[in-house]
Amino acid sequence: MSEAIYAVPDMTKKVKFNRGEIKERIVDIYVSADTLRDGETSTTREETADTAPNNGPGDQHSDSNVSKNSSAERDQLQTSYNNLTKERYQLQTSYNNLTKERYQLETKYNNLTKERYQLQTSYNNLTKERYQLQTSYNNLTKERDQLQTSYNNLTKERYQLQTSYNNLTKERYQLETKYNNLTKEKDQLQTRYNNLTNERCPEGWQKFESSWYFLSTETKTWKESREDCLERGADLVIINSDKEQEFLFNLNKRVWIGLTDSVNEKTWKWVDGTPLTTGYWYYPQPDNAGPTQNEDCVEIHNDQLPLNAWNDLSCDSQLNWICEKAFYHHHDNIL
Ligand SMILES: [Ca+2]
Ligand SMILES: [Ca+2]
Ligand SMILES: [Ca+2]
């Protein structure tokens, strides 16, 4: 590095000095200090070469002056030399400082370059990462939109399914109700069917409309007659219609029927507990008369008219009787 200083053009110096003719000379300082130290010889030679053409015989007297001048020149050169040496030293010092500074600046520059490279790399990585994050963000946004759409569709589907489910539940309930009603109807019809077809007509019984009837061959009191009917799984007959009344009248016997006011006088009730609504009395029955003045049971008197045939009679009288076994009760409302 130290050689570089001599190559710097600014280091060129111009030196002035007199040599009698006040000639101006230029000496380059490129030359080394050693060369300058020998300047005396060099200068002498130059001077000799320079003045040689004018060296005539008449010029001999000026030799002492030349010597004086050479001594002054030498002093000036020495002073210049010293100054130059000092300057050189200062320049060298400046140079060293500058070199040192340059080195430090170079180091800093290198560090900064290195840092800048690292920052550039970091920046590139961050840019790349940002791009990837942006891409990820875009993909996530897209996915989120798709999920939102899916969610909306599913919600809609769920609502439709819920509605369908509710309708089906309602329908199922209605079908269940229908099924139960039909099952009930089927059971009732089955029971009726069994009663009508499977049950053999028992010995001594006859069918009319929807009932079986048993006409006794013996005669008994009203109470004994009823007990006989109960033993047969039936009861004394209950008359529900004109047709039934006519049918019973046509059996042509004096018979007990299932009607009495034994609990409350003049309050007639059938054996199943229902009150009398339509009676088929003949005039002036019921009279609660007779030998006992207490007639609480009812007979069909076959000497009367079909729809005017009832008489109240002492329950202790001995008569035939009619038991009735209904396939079903009229208030069941099946037919
Ligand atoms: Ca009846
Ligand atoms: Ca009575
Ligand atoms: Ca009577």
Please identify every one of the GluC sites (Glu not before Pro) in region 246-335 that sits in a loop by DSSP and has no more than 14 other beta carbons within 10 Å of its own beta carbon. Glu265
P(r) tail fraction, region 237-303 - alpha-carbon pairs more than 14 Å apart, %: 59
Estimate the FRET efficiency between Ser94 and Glu129 by the formula 1/(1 + (r/R0)^6), using the beta-carbon distance for r and 41 Å for R0, to the nearest 0.05. 0.25
How big, in percent, is the set of alpha carbon pairs in region 149-190 lying more than 14 Å apart? 62
Full extension between Lys223 and Gln78 adds, at 0.36 nm per residue less the Cα distance, a length in nm of 34.0 nm
Which FRET efficiency, nearest 0.05, do Lys184 and Glu209 yield, Cβ-Cβ r, R0 25 Å? 0.55
Placing +1 at every Lys and Arg Cβ and -1 at every Asp and Glu Cβ, with all other atoms neutral, what dipole size does region 203-332 have around its Cα centre, in debye to the nearest 20? 160
Where a ≥ b ≥ c are root eigenvalues of the Cα gyration tensor, a/c under 1.5 meaning rounded, otherwise prolate if a/b exceeds b/c and oblate otherwise, region 203-332 counts as rounded
Subtract the Cα-Cα distance of Gln118 and Leu147 from 0.36 nm times their separation in residues, and report this length gain in nm to one decimal. 6.3 nm
Taking square-rooted eigenvalues a ≥ b ≥ c of the alpha carbon gyration tensor, is region 70-132 rounded, prolate or oblate, where a/c under 1.5 means rounded and, failing that, a/b exceeding b/c means prolate? prolate
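Any read-out appearing in this document is the output of simple, stated calculations on the displayed coordinates, not a laboratory observation. What you see is a predicted model, and the numbers here were worked out from it, not measured in a lab. Counting neighbours? That spans all protein chains shown, and the Cβs are built from the backbone with ideal geometry, glycine included.
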